[in-house]
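Here is the structure we will look at, set down as structure tokens.
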Amino acid sequence: MIALERIRERMAGLVSEGVLVEEETLRESHARAVWTCLTEPGDAVAGAAIDALGAADALDLALEGAGREGSDERWKAGLARWMPRLSTVDDALDRARRSGSRLLTPLEEAWPVGLSDLGAHAPHAVWVRGAVVAMAGAPGAALVGARAATAYGEHVATELAAGLTTSGVAIVSGGAYGIDGAAHRAALAAGGTTIAVLAGGVDRLYPAGHADMLRRVAGSGGAVIAEAPCGTTPTKWRFLQRNRLIAALSAATVVVEAGWRSGSLNTAGHAASLGRPLGAVPGPVTSAASAGCHRLLREYDARCVTSVDEVRELLGDTAGTRLPEGTRTDHTSRLMDALSTRSPRPLIDVARRAGFSVDDAQTLLGFAELEGTARRTSAGWLSTGR
């Protein structure tokens, strides 16, 4: 176990003033910060251990390389995934301090209770730039949709976000181009609260074209948050995983515009699995950009949304919806995100980047090689780009 003074040094400036009072609270917060560095988002093995033992004791056990009483092979596989990332912790905490980021944990009153509904897949903590209390204040509505949005989609997103914020509803979205950006900008223009959930570290505002907007979000009473530690690069896997946070932070989710296979359907799936009300905005039947919304309306019991008042109805609705097929994430996405099409990467580097044990990475790479999506070279593994 790291000495208390070392913990205080490492956590200086990373928590809200007055939060870390007792030694045990300090240990728990530090441990949760470390766990964000060791695990990929939604790691259920780490989540179950933290629930059972507490973050600090679970971390001590992992650092000792010990097995849990009654544990199965999943814990051993977890150790193989986590330990290669131990060397990244100090750099991540340094980046957080330099960027003015704060750690928010379930130990604090400002923790949004909706995140805990994710159970073993809940984040161990989240990193925040902006107002830590933003997520525990106004009720949230997620407005999500396509990056390649049409003028129609951006207009609807703007109208919904502006109308909702004037009645005290916080707008939650992913900070991306298209529908996300339109929703954030409208909330800012209306003087409301908006929360942007990123797939990478909050010190790396992404996309770069929205850096100024995201700084405005953080500086206007809202928040930019991520469960990945500072310095983390956004990847396809992490985009899909961050969608569960958007859904969990919100009392209702509305898909404003989305194609048939849009990533926004993944957010809708998480909202449905949490029992959150789900809405979709209809578009022209000739528009491929609205095909995903029409799919949600036709096949998955989403509520038709055409106005601010109808979103408000959703916010007061407790009826759940069915989970669309194909909205879950898988190991293949993580593996391919860890590979480059140009620079071969050694097996251990692929495992570290993807958050797998070396054995699991080797097995998955073998399947990928058979499928033609990965190629082995003398210098390491490459993605074929297929």
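The values are calculated or read from the model by the stated rules, or taken from the named source; none is laboratory data. Owing to the predicted nature of the structure, the values given are computational and were not obtained by experimental measurement. For neighbour counting, all protein chains shown are included, and Cβ atoms are generated from backbone atoms with ideal geometry for every residue, glycine included. Surface areas here come from the heavy atoms of the whole protein model, side chains and all, with no ligands, DNA or RNA. Shrake-Rupley method; radii C 1.70, N 1.55, O 1.52, S 1.80 Å.
Quick check on Ser340: is it farther than 26 Å from His270 by Cβ and of a type in the set (Ser, Thr, Tyr)? Yes; evaluated as a whole, the condition is true for this residue. Among the residues of the range 350-386, the one identified as open to solvent by less than 20 Å² (accessible area, probe 1.4 Å) and over 20 Å from Lys236 (Cα atoms) is Gly380. The test for being surrounded by fewer than 22 Cβ atoms within 10 Å (Cβ to Cβ) and farther than 18 Å from Gly100 by Cβ does not hold for Tyr206. The residue that is nearest to Phe239 (Cα to Cα), counting only those in the range 9-49 that are aliphatic (A, V, I, L, M), at pLDDT 80 or above and open to solvent by 10 Å² or more (accessible area, probe 1.4 Å), is Ala44. Meeting the requirement of 1 or more residues that are of a type in the set (Asp, Glu) and more than 15 Å from the chain's Cα centre (by Cα), the helices (runs of 4 or more DSSP H) wholly within the range 231-323 are 291-299, 308-315. Scanning the range 331-349 for residues that are in a helix (DSSP H, G or I) and among the charged types (D, E, K, R), which turns out surrounded by the most Cβ atoms within 10 Å (Cβ to Cβ)? So the residue we want is Arg334.
Which residue out of Gly200, Gly222 is surrounded by 24 or more Cβ atoms within 10 Å (Cβ to Cβ), of a type outside the set (Lys, Arg) and closer than 30 Å to Thr39 by Cβ?
Gly222
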